[in-house]
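The values are calculated or read from the model by the stated rules, or taken from the named source; none is laboratory data. Everything numeric in this text was worked out from a predicted model, so none of it was measured. Virtual Cβ from ideal backbone geometry, glycine too; neighbours counted across all protein chains shown. Accessible surface areas use protein heavy atoms only, side chains included; no ligands, DNA or RNA. Shrake-Rupley method; radii C 1.70, N 1.55, O 1.52, S 1.80 Å.
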Amino acid sequence: MQMILASTNRGKYREMKAQLEPLGIELLFGGDFEKPLDVDETGESYAENALLKARAWAEATGLPALADDSGLEAEALGGRPGIHSARAVEGSDSDRMYWLLGEMKDKSDRRGRFACAIAVVFPDKKEPLTVTKYCPGQITREPAGESGFGYDPIFVPDGFDKTFAELGGEIKNKISHRAMAVKGIAEMLIPVVQSYAVRGM
């Protein structure tokens, strides 16, 4: 069963592809398409934004589309940047990371959590699937590590003493917010994949 990832983020693609392959899902990378879509994320929740992206890509490609929306929520900042994490400031991942560290420089409460919602929309109008998962932890005072992307170098998940960027992909792909969300959506997709196989699609 082929499915398009409604994203041009190759880091997300690598994480999700490895987890969906055992189900018999061939995940295609949105960034490989000639004209990748740029969908306005106007939803008021992670799930709403994921649905907006998945629906647009399913309609444009005629394939089932999987999209995610994720963010980092700092307790000391009232949950910011949250759904605005990818657009907190203009610039690169590094720019946004240092912006957040600046916002928290005087905060003693470093608690936070990563959130991830995943949505799958089918072109045949089947009911869409959505799931939202969280990974609690601490926001560091300075970056550490080279792997991963986004805010990974400044987030230490509960139960560990290293950032996602230090822990590496093998561990992150088991414990992260996105890993948990992919696991959740994968369980929901099992009967769908089986029905596609029966129909020879």
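Just one of (1) more than 19 Å from Ile4 (Cα to Cα); (2) open to solvent by 70 Å² or more (accessible area, probe 1.4 Å) fails for Ser94. It is (2). Looking only at residues in the range 1-34 that are among the polar types (S, T, N, Q) and assigned to a loop (DSSP other than H, G, I, E, B), the one that is most open to solvent (accessible area, probe 1.4 Å) is Thr8.
The set of residues in the range 57-87 that are open to solvent by less than 30 Å² (accessible area, probe 1.4 Å), in a helix (DSSP H, G or I) and in contact (Cβ under 8 Å) with a residue 40 or more places away in the chain comprises Trp57, Ala58, Ser85. Scanning the range 186-201 for residues that are aliphatic (A, V, I, L, M), closer than 16 Å to Leu63 by Cβ and surrounded by 13 or more Cβ atoms within 10 Å (Cβ to Cβ), we see that the one that is modelled with the highest pLDDT is Leu189. Given the criteria buried (at least 16 other Cβ atoms within 10 Å of the Cβ), in contact with a Gly (Cβ under 8 Å, 6 or more places away or on another chain), assigned to a helix (DSSP H, G or I) and not hydroxyl-bearing (Ser, Thr, Tyr), does Leu37 qualify? In short, no. Only one entry in Gly43, Gly30 is without any contact (Cβ under 8 Å) to a residue 60 or more places away in the chain, under 15 Å from Ser70 (Cβ atoms) and not aromatic (Phe, Trp, Tyr), namely Gly43. Look through the range 107-127, keep the residues that are at pLDDT 95 or above and in a loop (DSSP other than H, G, I, E, B), and return whichever of them is surrounded by the fewest Cβ atoms within 10 Å (Cβ to Cβ). This residue is Ser108.
Applying the set (1) in contact with a Pro (Cβ under 6 Å, 6 or more places away or on another chain); (2) open to solvent by 20 Å² or more (accessible area, probe 1.4 Å); (3) part of a strand (DSSP E or B) to Pro136 leaves exactly one unmet item: (1). Which of the numbered conditions does Gly150 fail, given that it passes all the others? Conditions: (1) at negative phi; (2) buried (at least 17 other Cβ atoms within 10 Å of the Cβ). It fails just one condition, (1). Residues considered: Glu142, Glu166. Of these, the only one that is closer than 26 Å to Gly82 by Cβ, among the acidic types (Asp, Glu) and in a loop (DSSP other than H, G, I, E, B) is Glu142.
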